[in-house]
Every structure is written in structure tokens, then in C-alpha cells.
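Working notes for the structure below.
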Amino acid sequence: MPNVSNVKSKFFGPVDATDADGISTTASISGAAALTINGTLTSGGSYTSGDNIGQIITITSAGDDTGITFTIVGTDAVGDAQTEAVTGANADVASSSGYYNTVASITTSASSDAAVTAGVLGSSTAGEMGTGTIFAGRTRVRGLQGLSAATAGNLLFKNTSVTGTTLFTVPTSTSASDLIEPYIPDNGVLFDAGAYVSFGSGLAAGVTVFYDG
């Protein structure tokens, strides 16, 4: 029997559904100013995703905002400070490259051309999902438990980064009462460069991962 005395656990989820104005509702911005953090996904002037989950932030522009930037200030999925300047779109959606667990502020470099909103991306045809860091180093995933939500799909467990190689996949069901409790061999699944989980909104109410830490 392998020595698993250093096994730790970490809970992830849930992932917020895609909501174009969940962080900031429609408003035109005059000058270099902050968007009001007042969407339905916010509380007390800030946004927080599910436990240990990072999500892509979206900026939707009704006009041509390609000449300005929107600076997002918050934290990533492990709680580290994260700041990013996102170039605006022309009557379209601009998205962050970073995944955010919290957003404290979004400010513009100049006036917006028309109304803008800010929100989150829960899943898309391009494959973006909520992501989390299980362990940022060599580890083995020993087991997991969770609860399916309302949508069938897959939990993806990736090596190296949130965009790395998927080493194993766990399906979810459409029943909110179905347990997610797959069999994992005694030696676990080795992630030699860090273990990361990725899943879309509606797939799981949450999942606890057991890993060597």
C-alpha cells in the first residue's frame, strides 16, 4: 500500500453561469473612471466567484472602444493579486486572458464610446470554463467527490496549467442528486508539473479533490 499520509483536500465551485452584466450593469463612462460594480453577481462593490475558482471576465461594448483599455484588478484562483489591461472591443465582447476569483475594480483609460457592461464567462463553444489550481507542483490526484448539477458534461483534470494536457476526464450527469465519485487507482494519477481542474457552469455544484500536498 502506498504512503498517502500527506494527502490533502481542496474544494472547487460552483462556476457562475455566463452573465454579460453580472459584474457591472449598462453605463457610459466619461473620462478615465471606474465602472460601478453593481451586477447581480456582486456584493458590497466587488465580485467573488466560487471557492478556489477563477473565471474569465468579459467587457461588452455597445460602441467602438478599441482605443481604450479596461484595467481589471482582483485576485486569481489561489488568491494572488492579479491586474490586467484589456483592450476594448468594437460593438463586441473583449475578454480577460486571466482567470479571476475576485474583482475589486474595473477602470477605463478614457471615455467609452457608448454603454459598456462587465460580466463573467461560465462556458462557451471555444471551451473557456471556470478553472482551479489543485497543486502547482508535482502531485498525484488520489480521489474526488462531488455533486452533479443540471447539465451533463465533463470535469477536466489538466497537467502543467489550466490550458495544459488533460490527463483524465470525469463526466457529470443532468441529475442534481447524482454523486461524482469515480474510481481512481491506489497510486493515483500523476501530474508531474502541477494539477488543475476545469469545468463549465451548471456541471457540478462543487467537487472536492484529494491530492498529495
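The values are calculated or read from the model by the stated rules, or taken from the named source; none is laboratory data. These numbers were taken from a predicted model, which means no experiment stands behind them. Cβ atoms come from the backbone with ideal geometry, glycine included; neighbour counts cover every protein chain shown.
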* Would you say residue 104 is closer than 19 Å to residue 47 by Cβ, surrounded by fewer than 23 Cβ atoms within 10 Å (Cβ to Cβ) and at pLDDT 95 or above? -> yes
* Which residues, taken from the stretch 71-100, are in a strand (DSSP E or B) and either of a type in the set (Gly, Ala, Ser) or over 26 Å from residue 133 (Cα atoms) (or both)? -> 74, 81, 85, 87, 90, 93, 94, 95, 96, 97, 98
* To do: Take residue 23 and decide whether it is of a type outside the set (Lys, Arg), part of a strand (DSSP E or B) and assigned by TED's automatic domain parsing to the domain that holds residue 87.
  => yes
* To do: Consider residue 103 carefully, then state whether it is of a type outside the set (S, T, N, Q), in a loop (DSSP other than H, G, I, E, B) and under 13 Å from the mean Cα position of the chain (by Cα).
  => no
* Asked: Can you spot a residue in the stretch 137-152 that is closer than 22 Å to residue 75 by Cα and either at pLDDT 90 or above or not assigned by TED's automatic domain parsing to the domain that holds residue 186 (or both)?
  -> yes
* Asked: Any residue at all in the stretch 185-199 that is at pLDDT 90 or above, surrounded by 15 or more Cβ atoms within 10 Å (Cβ to Cβ) and at positive phi?
  -> yes
* Residue by residue through the stretch 118-174, note down the ones that are assigned to a loop (DSSP other than H, G, I, E, B), over 30 Å from residue 89 (Cβ atoms) and out of contact with any Gly (no Cβ under 7 Å at 6 or more places or on another chain). => 138, 152, 173, 174
